[in-house]
Amino acid sequence: MSGADAAALWLTVRLALVVTAILLALGTPLGWWLARTRSRARPFVEAVVALPLVLPPTVLGFYLLIGLGPASPIGGAWLELTGGTLTFSFTGLVLASVLYSLPFAVQPLQAAFEAVPEPLLEAAQSLRASPLDAFWSIAVPLSARGFLIAAVLSFAHTIGEFGVVLMVGGNIAGETRVVSIAIYEAVETLSYGDAHALSLILLSFSFAVLLCVALFRRRPARAV
Amino acid sequence: MPHRSLFFLLVVLGALMRPAAAAEVRVAVAGNFVPAMEALEAAFEAETGHEVTLAAGSTGKLYAQIVHGAPFDVFLAADEDRPARLEAGGMTVPGSRFTYAVGRIVLWAPDGAANEERLKAGDFRRLAVANPSLAPYGAAAMQVIGAVGVEEALAPKLVLGEDVGQAFAFVRTGNAELGFVALSQILALPEEERGGWWTPAQALYTPVRQDAALLRRGAENEAATAFLDFLRSAAGRAVLERYGYGDGAE
C-alpha cells in the first residue's frame, strides 16, 4: 500500500471519529426530544432526520455544493470568518457527513430512549432530581446499548461514504481524499492492485462492525 | 375467452420487449462530447432515418463497461488511449479507429477575468481542474500550468473533478473562481453566462485527441457505419466546429 493510500485511510478514520463525536452530541438531545415529545412537529422532524436514508447521495451532494459554496449565506459567512471555502475542505466533509449519517445516530438513540420506563423518571423527579440529573443517572445507563450502536453505525457509515464526498470534496490529498475516493480513482486508472488492497480493508472492517452490532443486539438485556 | 386475453398479453409484452430496431446505433460517448453529440444525433437522424441511442459516461468507465461486454456499437472516447487498448484487445473492428475531434481547453472565469497573468498572480482561492490521472483534459491543463510556470504556487489551490464535467460544475456553482474546462462546455452555455476565457496556445499542451472506434458488436450494423461516416462528413464537422472542437486533421 502506498503512502498516499495510508494517508487516505488515516484521513477517513479521523473524519469518522470527529463525525461520530458530533453525531452523539447532537443525536442525544434530538433523540430524547423525539422519544418524549407530544409535539405535532414530531413526524416532520422524524421524516427530515430519515431523509439521508432515502435520498441519493448525489442529491445531498448537489445541494451541499450550492449550499456550502462561497455564494451561499453559510459558505459566504464561513469564508468571511476563516478565509477558506467550506467545500473542498475537511470541515466541509465533516458537515456533509454529519447530515449524511444523522439517521444512523438518531434512530438507535430514539429507540433506546423510548424503552426507558416513564415511571422510573417520574420516581426520580418525585425524589427531587432535576430533569437533567434524571436523564444522566437513569436514561443514559439504561440506553448504553443504544449509544454504542449509534456510535458504531455513525462511524461505519461515515467510513463508507462516497457519493457526497465525490461531489463536494475535490479529491485533495490529506484534506478530502478519503478511502472510497482513493479506491474509485485506483479502479478508474486500472490500478487494480491498490484497489484490491484498500477494498479488502474496508470489506473486513465493515463485516467486523456489522458482526459486533448483530452480537450486541442479540444479547439479552441485563436486569436493572 | 382465455385465448384472446393470453394473445393480448403476449402482444403487450412483445411491444414492451420490442427488440432494438435494425437501424439503431448505440453510442457510448464521453461526457464532454454530449452537447455536440446531441446536435449530431438530431442531424444524423433527420438525414438518414436511423436511430441513435446515447450512453454517456467518463471514458474510463465506458471502457471498463465495453471490456465487460456492454452492448455498444460505437465508442466516442475523450482520449486516444482507451480506443487503442480496445483495438489491441480485439474488441473493435480493425482499422475503424480515427480521431473524430480535437478538444480545446480554456481557462474559464465566469467573472470575466481569465488570462495568463491571473494564473501567475494567483488572486483566487480555488482553481478547478479535471483529475490529470483520469481525464485527458486534466492532463492537458496540468501541462499548461507547468508551461506557465505556476505549478508549485497553484498546487494548494487546485481542486480535482473526476472529469472535466465536474471541474466545470465546480466553477459553475461558484465553488471555484477559475477552472480549466473544455471550450465546448462554455459554448454550450447561453451567451450572457459565458464570462471570460483564455485559450492557451496549442503548443503549450498535447492536443486532446478524441478517438472513435467501431466496436465488434456494431460490425454488421449499417446505422453504426453510417454514423461514423456522418461524423467525418462536412455536415458532421460543421457541428464539431460550432461546439468548439477541431477536427482530426488539426
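Count of the stretch B:173-192 residues, restricted to those that are within 14 Å of chain A (Cβ to nearest Cβ) and more than 18 Å from the chain's Cα centre (by Cα), is 6.
When the stretch B:73-85 is filtered for residues that are of a type in the set (D, E, K, R) and not in a loop (DSSP other than H, G, I, E, B), the ones remaining, listed by number, are B:81, B:82, B:85. Can residue A:131 be described as under 24 Å from the mean Cα position of the chain (by Cα), surrounded by fewer than 17 Cβ atoms within 10 Å (Cβ to Cβ) and away from chain B (no Cβ under 12 Å)? Against the criterion (under 24 Å from the mean Cα position of the chain (by Cα), surrounded by fewer than 17 Cβ atoms within 10 Å (Cβ to Cβ) and away from chain B (no Cβ under 12 Å)), residue A:131 does not qualify. Within the stretch A:86-109, restricting attention to residues that are surrounded by fewer than 24 Cβ atoms within 10 Å (Cβ to Cβ) and of a type in the set (S, T, N, Q), the residue that is nearest to the other protein chains (Cβ to nearest Cβ) is A:89.
If you check residue B:53 against the conditions, is it out of contact with any Gly (no Cβ under 6 Å at 6 or more places or on another chain), at pLDDT 90 or above, among the polar types (S, T, N, Q) and farther than 28 Å from residue A:186 by Cα? In short, yes.
Of the residues making up the stretch B:172-188, just one is in contact with a helix residue (DSSP H, G or I) (Cβ under 8 Å, 6 or more places away or on another chain) and charged (D, E, K, R), namely B:177. Here residue B:99 fits the description: surrounded by fewer than 20 Cβ atoms within 10 Å (Cβ to Cβ) and in the same structural domain as residue B:59 (by TED's automatic domain parsing).
Of all the numbered requirements in (1) surrounded by 23 or more Cβ atoms within 10 Å (Cβ to Cβ); (2) over 16 Å from residue B:37 (Cβ atoms); (3) away from chain A (no Cβ under 13 Å); (4) not acidic (Asp, Glu), residue B:63 misses one, and that requirement is (3). Annotation note: Cβ proximity below 7 Å between a residue of the stretch A:159-178 that is facing another protein chain (nearest Cβ under 8 Å) and free of Cβ contacts under 8 Å to residues at least 60 places away in the same chain and a residue that is of a type outside the set (S, T, N, Q) and in a loop (DSSP other than H, G, I, E, B) (sequence gap 6+ or interchain) occurs for A:171/A:177. Taken together, the residues in the stretch B:110-131 that are buried (at least 21 other Cβ atoms within 10 Å of the Cβ) and either within 14 Å of another protein chain (Cβ to nearest Cβ) or at positive phi (or both) amount to 6. Only residues that are among the hydroxyl-bearing types (Ser, Thr, Tyr) and in a helix (DSSP H, G or I): list them for the stretch A:127-172, please. Listed by number, the residues that qualify are A:137, A:154, A:158. Out of the residues in the stretch A:55-79 that are part of a loop (DSSP other than H, G, I, E, B) and hydrophobic (A, V, I, L, M, F, W, C), which is surrounded by the most Cβ atoms within 10 Å (Cβ to Cβ)? Per the stated criteria, the residue is A:68.
One residue is enough: does the stretch B:60-72 have a residue meeting the conditions at pLDDT 90 or above, of a type in the set (Lys, Arg) and either outside any loop (DSSP other than H, G, I, E, B) or under 21 Å from residue B:209 (Cα atoms) (or both)? No, the stretch B:60-72 has no match at all.
In the stretch B:22-59, the residue that is nearest to residue B:93 (Cα to Cα) out of those that are part of a helix (DSSP H, G or I) and within 14 Å of another protein chain (Cβ to nearest Cβ) is B:59. For the structure I just gave you, tell me whether residue B:131 is more than 21 Å from the chain's Cα centre (by Cα) and among the polar types (S, T, N, Q). No: the conditions fail for residue B:131. Condition check: in contact (Cβ under 8 Å) with a residue 40 or more places away in the chain and in the same structural domain as residue B:192 (by TED's automatic domain parsing). Does residue B:111 satisfy that? Yes, satisfied. Any chance the stretch A:46-53 includes a residue that's under 23 Å from residue A:173 (Cα atoms) and either among the β-branched types (Val, Ile, Thr) or free of Cβ contacts under 8 Å to residues at least 12 places away in the same chain (or both)? Looking through the stretch A:46-53, none of the residues is under 23 Å from residue A:173 (Cα atoms) and either among the β-branched types (Val, Ile, Thr) or free of Cβ contacts under 8 Å to residues at least 12 places away in the same chain (or both).
Residues that are under 18 Å from residue B:65 (Cβ atoms) and among the hydrophobic types (A, V, I, L, M, F, W, C) within the stretch A:184-207 comprise A:186, A:187, A:190, A:195, listed in sequence order.
Counting residues in the stretch A:10-26 that are of a type outside the set (A, V, I, L, M, F, W, C), outside any helix (DSSP H, G or I), at negative phi and surrounded by 14 or more Cβ atoms within 10 Å (Cβ to Cβ) gives zero. Taking the listed residues B:18, B:118, the one that is modelled with pLDDT under 85 and charged (D, E, K, R) is B:18, with no other qualifying. In the set (1) under 21 Å from residue A:159 (Cβ atoms); (2) within 18 Å of the chain's Cα centre (by Cα), the condition left unmet by residue A:88 is number (2). Criterion applied to B:147, B:169, B:203, B:155 was being among the small types (Gly, Ala, Ser), within 14 Å of chain A (Cβ to nearest Cβ) and more than 19 Å from the chain's Cα centre (by Cα), and the one residue passing it is B:155.
The values are calculated or read from the model by the stated rules, or taken from the named source; none is laboratory data. This structure is a prediction, so every number in the text was calculated from the model and none was measured. A quick note on method: Cβ atoms are made from the backbone with ideal geometry, for glycine too, and the neighbour counts reach across all protein chains shown.
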